[in-house]
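Just below is one structure, and these are the notes that go with it.
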């Protein structure tokens with residue numbers, strides 16, 4: 001296959017919301033920009049309601065007028081899987097790019113791909129966000145193995161996922177390509193304008209936790225770090241953090257994907273409510289830029305991680321990061337260049353926040369601008385074409 005022309009992407013897209021949908025739509029635009037006929041097959045039912053922890057799976061944004069999106073896959077209906085598989089088998093796309101992020105999707109996607117491969121023409125490339133899920137459930141291993149069999153080649157967006165993949169599928173071509181920049185959320189705006197939009201004091205020092213709130217993302221560690229940094233603590237002469245700069249506030253922007261009460265109880269116990277700015281509803285795409293541009297830095301206090309869609313967002317808007325030393329995060333955020341790397345505990349996270357403000361955001365900007373050049377969408381498309389060849 002030297003000159004593929006017809007591309008199908010299988011994965012979340014409008015009317016579904018979230019980072020995976022944004023990624024798939026941006027990838028489709030890059031294929032189209034390079035002259036490929038591109039269609040996205042997305043879900044008419046992605047998750048049954050009892051499996052979905054958020055308020056809604058649907059976007060409030062208008063449908064993108066420039067993309068060909070077929071809303072047709074039902075993740076729990078085997079008759080639908082056979083229908084979609086047969087449809088794609090007959091239409092003979094040159095390449096199918098399929099997202100894999102959760103073993104729950106293994107039976108659905110694996111069945112569709114098995115049908116497609118019977119046409120002896122279509123090559124299948126998987127972009128694997130995870131192989132071993134963050135939150136394990138019965139059936140994970142069997143579902144994943146079922147999915148992997150009809151895939152011809154793999155791309156991972158972290159070296160950790162690549163190493164996990166090679167354990168279970170080491171006879172197939174696989175390559176690590178870093179998550180491209182999210183450049184589809186608008187251009188960078190001034191901190192003054194962003195804070196005015198969000199009604200945030202222009203003089204506060206703002207650190208940002210952005211994205212869905214789930215246990216593995218470690219928001220509770222960051223809340224405990226905020227207690228260490230709070231004025232009631234830092235005013236004590238004997239406190240190790242008494243050289244903290246002017247008041248630091250934590251902006252939490254994202255929807256709870258687990259029990260909210262656990263966090264509100266922790267906030268009340270720690271007595272840090274005044275140090276927080278809570279925007280804990282889903283953040284629509286059109287408002288993402290305001291949160292990133294309002295922040296002095298983004299903090300990713302994860303307990304576990306492969307990679308994070310927040311990292312390319314921060315790169316695009318040129319916001320330094322503090323990440324924990326887990327998974328693929330440190331390789332994407334070089335320490336003392338693009339940001340700082342902390343151990344996943346409240347004490348070290350607090351230390352790095354102080355160190356960040358002592359160094360100042362301007363210290364990181366030249367490195368951020370240099371490093372972000374590595375993460376282009378054309379590089380991802382080129383890697384996919386080379387893998388199928």
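The values are calculated or read from the model by the stated rules, or taken from the named source; none is laboratory data. These figures come from a predicted structure and were not determined experimentally. FYI the Cβ positions are ideal-geometry reconstructions off the backbone, even for glycines, and counts take in every protein chain you see.
Considering only residues of region 251-262 that are assigned to a loop (DSSP other than H, G, I, E, B) and under 30 Å from residue 63 (Cα atoms), which is farthest from the chain's Cα centre (by Cα)?
258
Among helices (runs of 4 or more DSSP H) entirely within region 100-205, having at least 1 residues that are outside the structural domain of residue 88 (by TED's automatic domain parsing), within 30 Å of residue 286 (Cβ to Cβ) and more than 24 Å from the chain's Cα centre (by Cα) singles out 191-198. For region 1-25, the set of residues classified as outside any helix (DSSP H, G or I) and at pLDDT 85 or above consists of 5, 6, 7, 8, 9, 10, 11, 12, 13, 14, 15, 16, listed by residue number. For region 30-53, filtering for residues that are in contact with a strand residue (DSSP E or B) (Cβ under 8 Å, 6 or more places away or on another chain), more than 15 Å from residue 104 (Cβ to Cβ) and either surrounded by 15 or more Cβ atoms within 10 Å (Cβ to Cβ) or at pLDDT below 95 (or both) leaves 9. Of all residue pairs spaced 6 or more apart or on separate chains, those with beta-carbon atoms under 8 Å, a first member in region 209-222 that is at positive phi and a second member that is in a helix (DSSP H, G or I) and at pLDDT below 90 are 211/19.
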